[in-house]
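> To start, I am sharing the structure in question, which I have written as structure tokens.
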Amino acid sequence: MKEFIQNLPKAELHLHIEGTLEPEMMFKLAQRNKIDLPYESVSEVKEAYNFDNLESFLDIYYQGSQVLQKGDSVRHTEIFFDPQSHTDRGIDFETAYQGIYQALQDGESKLGISSQLILSFLRHLSQEEAFNVLEQALPYKDTIVAVGLDSAEQGNPPSKFKAVFDRAKAEGFLTVAHAGEEGPPDYIWEAILLYDVSRIDHGGRSMEDPKLLDYLVDRQIPLTVCPLSNVELKVFDSMAEHNLKKLLDLNICATVNSDDPSYFGGYVSKNYQAAQESLNLNKQELYQLAKNSFQASFLSLETKQELIAELENYCGLTNSNRA
Ligand code: ADE
Ligand code: ZN
């Protein structure tokens, strides 16, 4: 199973680039950039990765971002970047953007992994600050596919940012939003009804609202589920209690993703593996998750079809026995 998952063609749709900073790299960059870290060693950093909830993680995550990729058969990634984590420290938008954009170009030429960028607004800050970052992003809008909303969810509903999402849509950006990670199902409704989101990031709390579940199924609005993150941030007490399989059984377009892999113990295949083991997912379900990842992506219809054909070939499915 491990090998099957490792080699399964898939797309990663929920990855915060700042969340891929490994502790070793954090130390190297802190030295180079002469930044004092409140840790003596790499192992001390790792010990601090013991979270009670989203807030306790974000405290460390934003600190790590101050210092500023495996054979997972990932064909395509759609990556969040949080410009405000950098512009708030006096790093200009262009510097943050150019470094990330260049790395994604290298990923495509050296590893054959295509990618798209999603600019994410920090929801614990004001809408005015989000407008400010959107303004700075406009010269690069041809290379940024969508805008998103992340950071501390509770008390910061999508309605707080309606005007800036309206402006972003008028500029041609697609929209996504973290919702229903810790926040209530109402926040998922707001993201759908106020932003017309292409997908919901996390969305696990949709399970509490049967009407919302029906809506997600009818419209096939995808959820980018992050199993290891949800267990590490105590959204679920254990992987065995995760609702990923229930979502799949309901015919929700659920996908598996890694969120902040260096903080939560693994990249995308590790998330598939952990969920497979604890929830007893079979190959058909793994195939469905990978297929959903391509369907839910911002790729062209033609590229989606090519990647799904590669996936079906890998899974031994042909036109006559396809699910
Ligand atoms: N930023 C990085 N990871 C996040 C998460 N899991 N939820 C909200 N904001 C985040
Ligand atoms: Zn996230």
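The values are calculated or read from the model by the stated rules, or taken from the named source; none is laboratory data. Keep in mind that this is a model prediction, so the values were computed, not measured. Counting neighbours? That spans all protein chains shown, and the Cβs are built from the backbone with ideal geometry, glycine included. In case anyone asks, the SASA skips ligands and DNA or RNA and just uses the protein heavy atoms, side chains included. Shrake-Rupley method; radii C 1.70, N 1.55, O 1.52, S 1.80 Å.
> For the range 80-105, which positions are assigned to a helix (DSSP H, G or I) and open to solvent by 30 Å² or more (accessible area, probe 1.4 Å)?
Of the residues in the range 80-105, the ones assigned to a helix (DSSP H, G or I) are 83-87, 93-105.
Those that are assigned to a helix (DSSP H, G or I) and open to solvent by 30 Å² or more (accessible area, probe 1.4 Å): Thr87, Glu94, Thr95, Gln98, Gly99, Tyr101, Gln102, Ala103, Gln105.
> Quick check on the range 143-159: of everything there that is in a helix (DSSP H, G or I) and in contact with a strand residue (DSSP E or B) (Cβ under 9 Å, 6 or more places away or on another chain), which residue is farthest from ligand 2 (Cβ to nearest atom)? Steps first, please.
Taking the range 143-159 first, the residues in a helix (DSSP H, G or I) are 143, 158-159.
Among the residues that remain, those that are also in contact with a strand residue (DSSP E or B) (Cβ under 9 Å, 6 or more places away or on another chain) are: 143, 158.
Working: Thr143: 21, Pro158: 15 Å.
Out of the qualifying residues, it is Thr143.
> Return the residues of the range 201-220 that are farther than 26 Å from Leu58 by Cβ and open to solvent by 10 Å² or more (accessible area, probe 1.4 Å); say none if nothing qualifies.
Pro210, Lys211, Leu213, Asp214, Tyr215, Val217, Asp218, Arg219, Gln220
> Additional query: Quickly run through the range 207-233 and pick out the residues that are within 16 Å of ligand 1 (Cβ to nearest atom) and either more than 20 Å from Phe294 (Cα to Cα) or in a loop (DSSP other than H, G, I, E, B) (or both). Let's see the steps before the verdict.
Quick first cut of the range 207-233, residues within 16 Å of ligand 1 (Cβ to nearest atom) only: 223-233.
Listed by number, the residues that qualify are Cys226, Leu228, Ser229, Asn230, Val231, Glu232, Leu233.
> A further question follows. For the range 222-238, enumerate the residues that are of a type in the set (A, V, I, L, M, F, W, C) and open to solvent by less than 20 Å² (accessible area, probe 1.4 Å).
The answer is Leu223, Val225, Cys226, Leu233.
> Further question: So, in the range 260-296, of the ones that are touching a His at 6+ places or on another chain (Cβ under 8 Å) and more than 16 Å from ligand 2 (Cβ to nearest atom), which residue ends up nearest to Gln6 (Cα to Cα)? Working first, answer last.
Kept after step one, since they are touching a His at 6+ places or on another chain (Cβ under 8 Å), are these residues of the range 260-296: 260, 275, 278-279, 294.
From the residues that got through so far, the ones that are more than 16 Å from ligand 2 (Cβ to nearest atom) too are 275, 278-279, 294.
Values: Ala275: 13, Ser278: 17, Leu279: 18, Phe294: 16 Å.
Ranking the candidates gives Ala275 first.
> Going by what's in this entry, would Asn321 be described as open to solvent by 20 Å² or more (accessible area, probe 1.4 Å), out of contact with any helix residue (DSSP H, G or I) (no Cβ under 9 Å at 6 or more places or on another chain) and at pLDDT below 95? Give the steps one after another, and end with the answer.
Numbers: open to solvent by 20 Å² or more (accessible area, probe 1.4 Å): yes; out of contact with any helix residue (DSSP H, G or I) (no Cβ under 9 Å at 6 or more places or on another chain): yes; at pLDDT below 95: yes.
Yes; evaluated as a whole, the condition is true for this residue.
> Taking into account only those residues within the range 106-130 that are modelled with pLDDT of 95 or more, over 17 Å from Ala146 (Cβ atoms) and part of a helix (DSSP H, G or I), which is least open to solvent (accessible area, probe 1.4 Å)?
The selected residue is Gln127.
> Would you check if there is a residue in the range 26-39 being closer than 17 Å to Leu233 by Cα and either in contact with a strand residue (DSSP E or B) (Cβ under 7 Å, 6 or more places away or on another chain) or modelled with pLDDT of 85 or more (or both)?
No.
> Please go through (1) open to solvent by 70 Å² or more (accessible area, probe 1.4 Å); (2) of a type outside the set (Asp, Glu); (3) under 30 Å from Tyr287 (Cβ atoms) for Pro9 and return the number of the only condition it doesn't satisfy.
(1)
> Name every residue in the range 165-196 that is away from ligand 1 (no atom under 15 Å from the Cβ) and surrounded by 23 or more Cβ atoms within 10 Å (Cβ to Cβ), in order of residue number.
Once the filter is applied, which keeps residues that are away from ligand 1 (no atom under 15 Å from the Cβ) and surrounded by 23 or more Cβ atoms within 10 Å (Cβ to Cβ), the range 165-196 yields Phe165, Ala168, Tyr195.
> If you take the residues in the range 234-273 that are within 22 Å of Gln288 (Cα to Cα) and among the acidic types (Asp, Glu), which one is nearest to ligand 1 (Cβ to nearest atom)?
My answer is Asp259.
> Now, a different point. Step by step: first the residues of the range 237-259, then only those that are within 18 Å of the chain's Cα centre (by Cα), of a type outside the set (Gly, Ala, Ser) and part of a loop (DSSP other than H, G, I, E, B), then the one that is nearest to ligand 2 (Cβ to nearest atom). Which residue is that? Quick ask: steps written out before the conclusion?
Let us first name the residues in the range 237-259 that are within 18 Å of the chain's Cα centre (by Cα), namely 242-244, 247, 252-259.
Among the residues that remain, those that are also of a type outside the set (Gly, Ala, Ser) are: 242-244, 247, 252-253, 255-257, 259.
From the residues that got through so far, the ones that are part of a loop (DSSP other than H, G, I, E, B) too are 242-243, 252-253, 257.
Details: His242: 16, Asn243: 17, Ile252: 18, Cys253: 18, Asn257: 8 Å.
Residue satisfying both the conditions and the ranking: Asn257.
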